[in-house]
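Each remark here refers to the structure printed beneath this line.
Only the coordinates and a few stated rules stand behind these numbers; no lab work does. If you're wondering where the values come from, they're calculated on a predicted model, not measured in any experiment. No Cβ is skipped: glycine too gets one built from the backbone with ideal geometry, and neighbour counts run over all protein chains shown.
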Amino acid sequence: MAVTEADKIFKEFREHSAAEFFKKNRQMLGYSGAGRSLVTIVHEYVTNSLDACEEAGILPDIKVVVRKVENQHSNNRYAVIVSDNGPGIPKGYVGKALATIFAGTKFHRHIQQRGQQGIGAAGCLLFSQITTGKPIFVKSSTGRGHAYSCFISLNTANNKPIIENMVDIDEEFIGLSVEGEFSEIRYESGDHGVLEYLRRTALSNPHAKISLVDPSGQELVFMRAVEKMPERPKVAKPHPLGLSANDLLEFSHLSNSRKISSFLTDTFARTTPNKVGELKDADPSIDLDKDPKKMGWDDAEKIINAFRKVKWVAPDASSIVPIGEDQIKVALSNILNPDHMSVTQRTPKVFRGGVPFIVEAAVTYGGNSGKKDDDGYSGNILRFANRVPLLFDSGVCAITQAVKGIDWRRYSIDIESQPVSILVNVSSVYIPYSGVGKEAISQEAEIVEEIKLAVMEAARGVQRYVRGQDQMNFNFNRYKAISRYIKQLSKDLGDLTGEDSSSIETKLNKVISKHFPKPKEQASQVNPYLDGAVSDASDKTPVDG
Ligand SMILES: Nc1ncnc2c1ncn2[C@@H]1O[C@H](COP(=O)(O)OP(=O)(O)O)[C@@H](O)[C@H]1O
Ligand SMILES: [Mg+2]
């Protein structure tokens with residue numbers, strides 16, 4: 001038989017593993033640019049530690065070490081060690097957990113967590129492997145005296161872990177420690193560096209203690225600010241309005257229900273037998289008695305259309321856990337030590353018809369708020385999604401868009417030239433990220449609007465303070481101006497009237513301090529945070545070293 005063009009072309013046909021895909025597309029997972037790649041590594045391991053501790057109900061104590069490694073081929077080579085006091089990983093799972101792409105304990109759950117896809121840890125391992133050829137060194141203990149250590153790498157051809165030198169070790173600890181060597185990364189200071197990433201992580205996770213030893217050997221510690229675990233989010237059933245036909249098909253094929261009707265009531269939120277009846281009224285051609293395993297694309301599309309026609313109770317927001325107003329206040333005092341702050345938490349809202357989310361916002365003024373450089377102060381925006389700081393791609397983020405869209409003059413605030421920080425945390429089971437790198441929230445209209453409202457609410461609180469501050473400065477300047485004349489005036493009056501000039505001076509002083517109280521006395525009335533909370537927190541020395 002003659003060889004066709006197609007035969008020639010398809011001789012080249014190959015299957016690729018997820019690992020090979022990653023090798024070619026590492027920028028999709030945040031490995032683009034040397035500075036950002038290091039932050040991505042730290043981010044992946046630290047979020048895993050936070051998730052694991054949260055799940056085990058342990059107050060996290062996370063240690064990060066970034067050490068420069070001398071190497072004749074590369075001067076961008078570092079060792080990164082992240083260790084935690086979490087539940088650890090059982091021996092039998094460590095290879096799959098840390099070295100298999102798309103494997104993990106979180107993917108299949110409808111729960112608000114930092115990790116989801118099972119890409120993070122294996123991505124780090126691959127990055128180490130393709131830049132240095134070295135495996136990752138892991139130590140773990142699950143607490144029953146079973147501590148072990150091993151080296152893990154990944155066979156990229158079949159996406160299978162390779163575990164070497166697995167040994168039991170005699171160490172008293174519980175948790176996980178991961179150590180890798182990486183090239184093509186760089187330790188940077190400033191807004192896009194590891195220290196700033198951890199500082200913001202501490203802000204949004206005040207229940208965690210986080211420390212960093214940087215390449216110069218200096219240790220910085222963000223102390224735990226609250227001794228209470230955040231509430232655990234509940235596992236949520238998906239709301240019908242958040243589904244596509246494809247989602248519905250996938251769910252139906254996993255279902256053990258006998259009929260589509262019971263599959264719907266068992267699987268989805270707010271779907272009562274009555275609602276199912278309404279679906280049938282909306283489209284009588286839906287076959288509710290069919291076996292869900294046999295649901296076809298056509299059936300799925302009909303049901304999705306019917307979902308949109310009936311009225312739904314809004315989704316339950318118990319699956320979402322925001323940081324919390326009090327926690328944010330303590331964290332901000334601890335880390336930014338502002339002269340004033342105002343924090344708001346909005347009630348749950350919904351985007352795309354059925355996905356609940358909650359926005360929290362804070363505006364702080366003074367202290368370590370904003371940024372300071374040679375030209376003076378400017379404001380900064382601290383973006384978070386499910387408590388995870390977003391450092392990159394700010395230009396395409398819903399949070400940036402919302403903050404920039406506010407007319408700040410209305411609040412007597414100038415974010416270009418004042419020491420102001422604006423914190424926004426968006427919490428949801430499904431954060432709509434704008435890319436696979438998960439560094440920006442996509443600009444869904446409902447989300448942008450809600451962020452705007454939250455920030456404006458917080459800004460109003462600070463506005464009162466800034467105005468009060470202006471008034472206070474005005475009063476103080478007048479007080480100073482008038483006091484300058486008191487001595488001379490009392491003396492002249494004494495000479496003229498023959499009265500004692502010092503008693504005149506005392507009386508005059510009393511009169512003006514009544515009209516223009518000194519700023520210190522006013523401060524505690526205007527600003528409840530200036531005296532109590534801040535000095536308390538600063539005693540703890542949030543960042544030392
Ligand atoms: N520090 C840790 N402590 C305990 N388990 C962990 C830790 N880090 C990772 N794991 C386990 O490894 C799995 C894979 O992690 P990862 O690849 O980052 O994916 P994801 O976080 O998206 O699930 C996690 O789901 C978890 O079960
Ligand atoms: Mg992860």
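Spin-label model, PHE10 to ASP500: label points 7 Å out along the Cα-to-beta-carbon direction sit 11.4 nm apart. Scaled against 2.2 N^0.38 Å for its residue count N, the alpha carbon radius of gyration of the stretch 346-407 is 1.35. Between the alpha-carbon centres of the stretch 382-410 and the stretch 216-270 there is a gap of 25 Å. Once the chain from SER394 to SER513 is taken as fully extended at 0.36 nm per residue, the excess over their C-alpha distance is 38.0 nm. As a calculated quantity, the FRET efficiency between GLN72 and ALA481 at R0 = 60 Å, using C-beta atoms, amounts to about 0.30. Calculated FRET efficiency, ASP289 to THR265, Cβ-Cβ distance, R0 = 22 Å: about 0.95 to the nearest 0.05.
When the chain is described by a simple charge dipole with +1 on each Lys and Arg Cβ and -1 on each Asp and Glu Cβ, the residue from VAL466, ASN334, GLY217 located farthest towards its positive end is VAL466. What the Cα convex hull of the stretch 240-309 gives, in volume per residue, is 71 Å³. Working from label points 7 Å from Cα in the Cα-to-Cβ sense, the ILE162 to ARG232 distance is 3.9 nm.
Averaging 1/r over every pair of different alpha carbons in the chain and inverting the result gives a Kirkwood radius of 27.0 Å.
Please report the base-10 log of the normalised intensity I(q)/I(0) for the stretch 325-464, using a Debye sum with one equal scatterer per alpha carbon and no solvent, at each q in 0.10, 0.21 (1/Å). Scattering profile of the stretch 325-464, log10 relative to I(0): -0.30, -1.31. In terms of the mean number of neighbouring beta-carbon atoms within 10 Å, the peptides 39-46, 242-249, 415-422, 280-287 order highest first as 39-46, 415-422, 242-249, 280-287. For the chain, the dipole from Cβ point charges (+1 on Lys and Arg, -1 on Asp and Glu) about the Cα centre works out to 720 debye, to the nearest 20. Note: relative contact order over the chain, using C-alpha pairs below 8 Å and six or more positions apart, is 13 percent.
The residues neighbouring THR131, those whose beta-carbon lies less than 13 Å from its own, together hold a net charge of +3 under the Lys/Arg +1, Asp/Glu -1 convention.
Once the C-beta distance of ASN155 and TYR433 is scaled by a Förster radius of 35 Å, the resulting FRET efficiency is 0.75 to the nearest 0.05.
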